[in-house]
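Enquirer: Here it is, the structure in full.
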Amino acid sequence: MAGFAMLLASFFWASMAVGNKAVLATVIFAEVALIRFIGTTLVLGSVQAARGQAKGFLQVGPWPFIMGVLEPGMVSVLMLWGASHTTAINAAMIWALPPIIQPFLGRLVLKEPIHPPVVAGAVLTVLGTLLLFRGQSAAGGGSLFGDMLLLCGVGCSMVNQLIARKVAVRHGRPLAVTTAQFCSASVIGLVVLFVLVRPVEPFADITPHTAWLLFFLIFATAAPFSLYNYALARLPIGRVSLFTPLIGPMGAVMAVVILGETLGAWDIGAIAIVMVGAFMPTIVARIPSLARRFPG
């Protein structure tokens, strides 16, 4: 069930990569981030109130609020800023990088074991990502500045995962933890928009079409973070991180269908490699002889 939750979360995150690129055509990144943060906080708070847990997010301690500064706070700002300078396909595929690093961070910080299927899956996902970037580069897509912003966002996300794993195991309350994250992220959004960016007329360029896109992005933000925190309470961080590469293939297909970006035969082959890598631990677990040889 936790694996399915991460699969669904990856789908929502992939749709966000495409939705962000579409809405950034008319609205600046800081405005998009703030609307997403506040909107998601209101949605999650309403759900908690309907369940009679209106103050539940105040009972999970300070760490979820600290997590919110990193992700979705800084992560979303950096990803939106980077997406405004590069392709939606690159923005989605950047998320294939954590699996090669995260299991080792989990071992170093959380003392979690590193299993051979996880390492093999990580190598495949990174290989597939490099092949896809090669294809996109040959087609003239992306930019170094935008991709570096995306990489910084991924770095913040990996640090947040280490904290989130401990918080998820301790509390086991994904909705309350997620609500707390978005409360502090909303403060980050306010600072970025009104202190750092300081637009002359905030939100003046929002049209009915972009309003619908923003409404979708709020939903696509609220759902995956709750699913993600649910999965972190039930899976080792190395296994959870292996699902993030699926954001790339899903987002790439969406970018082609919705935004008209280019995806050739080389790119499709790279996407297939990423998907095999992401599911490598699951594939091994389903084969009895391999499962006995590589437990966990």
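The values are calculated or read from the model by the stated rules, or taken from the named source; none is laboratory data. Please read all numbers here as calculations on a predicted model, not as lab measurements. Cβ atoms come from the backbone with ideal geometry, glycine included; neighbour counts cover every protein chain shown.
Enquirer: Can you say whether residue 97 is modelled with pLDDT under 90, closer than 28 Å to residue 260 by Cβ and of a type in the set (A, V, I, L, M), as far as the supplied structure shows? Explain how you work it out, then say what you get.
Expert: Numbers: modelled with pLDDT under 90: yes; closer than 28 Å to residue 260 by Cβ: yes; of a type in the set (A, V, I, L, M): yes.
Here the answer is yes, as residue 97 does meet what is asked.
Enquirer: Moving to a separate point now. Working carefully through the options 215, 194, find the one that is within 21 Å of residue 179 (Cα to Cα) and modelled with pLDDT of 90 or more. Full working, then the answer.
Expert: Working: 194 fails: within 21 Å of residue 179 (Cα to Cα).
None of the other options fit; the residue is 215.
Here is a yes/no grid of residues against (1) polar (S, T, N, Q); (2) under 21 Å from residue 8 (Cβ atoms); (3) surrounded by fewer than 15 Cβ atoms within 10 Å (Cβ to Cβ):
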| residue | (1), (2), (3) |
| --- | --- |
| 188 | no, no, no |
| 222 | no, yes, no |
| 226 | yes, yes, no |
| 230 | no, yes, no |
| 247 | no, yes, no |
| 255 | no, yes, no |
| 264 | no, no, yes |
| 275 | no, yes, no |
| 281 | no, yes, no |
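Enquirer: In the stretch 255-277, which residues are farther than 22 Å from residue 7 by Cβ and either in a helix (DSSP H, G or I) or free of Cβ contacts under 8 Å to residues at least 24 places away in the same chain (or both)? Steps first, answer last, please.
Expert: Here is the first cut: in the stretch 255-277, the ones farther than 22 Å from residue 7 by Cβ are 259-262, 264-266.
Correct list: 259, 260, 265, 266.
Enquirer: Still on this structure, please answer the following. Looking at 30, 5, can you tell me which residue is surrounded by fewer than 24 Cβ atoms within 10 Å (Cβ to Cβ), within 17 Å of residue 177 (Cβ to Cβ) and touching a Leu at 6+ places or on another chain (Cβ under 6 Å)? Let's see the steps before the verdict.
Expert: On the way: 30 fails: within 17 Å of residue 177 (Cβ to Cβ).
Within the list 30, 5, the selection yields 5.
Enquirer: Follow-up question, since we're still on this one. Starting from residues that are outside any helix (DSSP H, G or I) and farther than 20 Å from residue 21 by Cα, keep the ones in the stretch 123-174 and report whichever is modelled with the highest pLDDT.
Expert: Applying the first criterion (outside any helix (DSSP H, G or I)) to the stretch 123-174 yields 139-143, 172-173.
Filter once more, so that each one left must be farther than 20 Å from residue 21 by Cα: 172-173.
Working: 172: 64, 173: 73.
Here the answer is 173.
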